[in-house]
Structures are given as C-alpha cells and as structure tokens.
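This report refers to the structure that appears directly beneath it.
What follows is calculated from the coordinates using simple rules that are stated; it is not laboratory data. Note that the coordinates shown come from a computational prediction; the quantities given were computed from them, not determined experimentally. Don't worry about glycine lacking a Cβ; one is built from the backbone with ideal geometry, like all the others, and counts go over all protein chains shown.
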Amino acid sequence: MKLRFWGVRGSFAMSGKEFLRYGGNTTCVELLAASGQRLVIDLGTGATELAKQLMATEFARGKGELQVVLSHTHLDHIQGLPFFTPFFVEGNRIHIHGADPAGTSLERTLQNQLAPYYSPLEGLENLAAEVSIQPFQPGDKLQLGVFKVSTAAVPHATMWTTAFRIEAEGKVVTFLSDVEYPDPTAPDPAAVGLALGADLLIHDAMHADEEYGMRRGWGHSPVAAGVTVAEAAMVKRLALTHHSPDATDDQIDGMVERAQASTKVPLFGAAEGAYLDV
Ligand SMILES: [Zn+2]
C-alpha cells in the first residue's frame, strides 16, 4: 500500500516561502492499494492537488470511483470539496463517509457549505458526478473495497472527531488527527487500541510541547502526545501532522528533531510530496 500526504497543515492553508518544504495545504491523505483502489481521508485544500492528478486518469472521462472518509466537518477538512474537479464530470462516482455532526446530519452540513452564500455551486445536487453521502456511527466498521476501516470517536475541544484504523493488503495505517486527550501525557486507551501495531500512525502534532500550556483546550495535541500513543501502541512509524499554520519549515524541523531524540519510535514530519511505501 502506498500513501501520499496532499495536505498536512492544520486549521487554515498557508502560502509563503517558509512553508514550502512541509506544504501549506490543509488535511488530505490518499491511500493507494496495489489493486489501484484509493481511499482518501479528508477533503482539505490538499484535495485540489489530488484532484489534478485524478483528472489525468479515468476521472476525466467520467469513469472514476472514489471512497472518501471524513474525520469531521471543520472547514480545514472539507474546504477542498467545492473545488474537487472530479465532482464536475458526469459518470464519476464518489462516496463520502462520515459521522453526523451533533445536532445535524453529514449531508445537511455539506449542503450548507455549497449554499449560495458560500458557493456558486448551490448544492450537492448540482455536482455532475454521482455523489453519495453515507453516514456512519463512530465504532462502526466499514469495508470500502480492499480497505477495512475501523472508526472511533476521539475528543476534539467541545466536540469529537472520528479516528480511523485502516487495514489493507496486510498493512495498517491509523489516522488520529484533531484530537486532544484529557491527559496528553497518558496513553488514551481508545487511541492505543486503534493504533495497536500499526505500520504507520498519523497523529496530530499541532503544538510544540513548550507552547501547549497556552493552547490547552483548543482540541489539538502537543507533539509528545503522538509519541506517547505510538510507544504504547508499538507502532512501526509515526508521522506528525496537522502542523500549526504558525509553524515554519524550520520550526517543524526543530519539533521533529526534539521528538526523535525523545523516543525509539521512528518518526517524521508529514510533508506534501511523493508517495510513501507503508
Ligand atoms: Zn483540523
């Protein structure tokens, strides 16, 4: 299985020369199976770059099919949706799976994003592709082609987001972004369960450890929280992601180096770029 980060920035997209190496787009991760099937996690602004690549394939002819799972519907995780060009080609089939936000439905939330006061698209029904919105309950297990996806709710400020354990072709990728544990220094049992033995754990690392005190309660993790989960779950590799929009490339390098010095778990800062082998 291959994996590519199309967006690793948290909260809002950044541009500028200090953000070029890690990238300024918000969350979007592509998993690509040997069979050619894809699973996309989140449609942040990084999805617009993924879209360009897809439009060089069968998606340009209306023959593409894509499974998408959404961790939650905060803007930085869905902002690429109105600009995701495979939606504009008739015949493409795109399935969006996500939990209903508290007090509303996933479909209504995504419809709102395309309402006339936000977008000229004026609704999901105006997208040429066949788009299905498929809600799940956290805790559900989904079989999406070759991808077996376990889901769980994890705390995110006053709400929660969905974390994923994705198994395919004998490999495991766990996605734990937009999470803040009640005690970031203690391994959270639900998080450890999802990440147990994973080949790759992708974890929220929005805050430098020394800044976390001022940012507590914002729904994101200090770098050390991901390391704690990675060690407890005995993962093979840890990718730190959801970089703060304030964090320059050099600052992220520093956070990664300090984290590497604190643990034996191999880890790196997630960056937009090439496909990785999982
Ligand atoms: Zn986010």
Looking across segment 20-36 at residues that are within 16 Å of the ligand (Cβ to nearest atom) and touching a helix residue (DSSP H, G or I) at 6+ places or on another chain (Cβ under 6 Å), the single one that is farthest from Ala168 (Cα to Cα) is Tyr22
Where Pro222 falls short, out of the listed (1) surrounded by 20 or more Cβ atoms within 10 Å (Cβ to Cβ); (2) more than 16 Å from the ligand (Cβ to nearest atom); (3) over 15 Å from the mean Cα position of the chain (by Cα)
(2)
Residue by residue through segment 20-61, note down the ones that are of a type outside the set (D, E, K, R), surrounded by 15 or more Cβ atoms within 10 Å (Cβ to Cβ) and on the phi > 0 side of the Ramachandran plot.
Gly23
Please indicate, with yes or no, whether at least one residue in segment 84-104 is within 16 Å of the ligand (Cβ to nearest atom) and over 13 Å from the mean Cα position of the chain (by Cα).
yes
If I ask for residues that are of a type in the set (Val, Ile, Thr) and either more than 17 Å from the chain's Cα centre (by Cα) or surrounded by fewer than 24 Cβ atoms within 10 Å (Cβ to Cβ) (or both), which ones from segment 184-214 would you list?
Thr185, Val192
In the set Ala157, Ala163, Ala153, which member is within 16 Å of the ligand (Cβ to nearest atom), small (Gly, Ala, Ser) and more than 18 Å from Ala233 (Cα to Cα)?
Ala157
So which residues in segment 166-186 are in a strand (DSSP E or B) and either touching a residue at least 60 places away in the same chain (Cβ under 8 Å) or farther than 21 Å from Gly7 by Cβ (or both), if there are any at all?
Ile166, Glu167, Ala168, Lys171, Val172, Val173, Thr174, Phe175
Taking segment 14-49 and keeping residues under 15 Å from the mean Cα position of the chain (by Cα) and of a type in the set (Gly, Ala, Ser) leaves Gly23, Gly24, Gly44, Gly46, Ala47
Which residue out of Leu106, Leu124 is of a type outside the set (Ser, Thr, Tyr) and touching a residue at least 24 places away in the same chain (Cβ under 8 Å)?
Leu106
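Results for (1) in a loop (DSSP other than H, G, I, E, B); (2) farther than 19 Å from Arg165 by Cα, shown as yes or no for each residue.
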position: Val29; (1), (2): no, no
position: Ala34; (1), (2): yes, no
position: Gln53; (1), (2): no, yes
position: Phe59; (1), (2): no, yes
position: Leu66; (1), (2): no, no
Testing Gly98 on (1) closer than 21 Å to Asp249 by Cβ; (2) assigned to a strand (DSSP E or B); (3) of a type outside the set (Ser, Thr, Tyr), one condition comes back false. Which one is that?
(1)
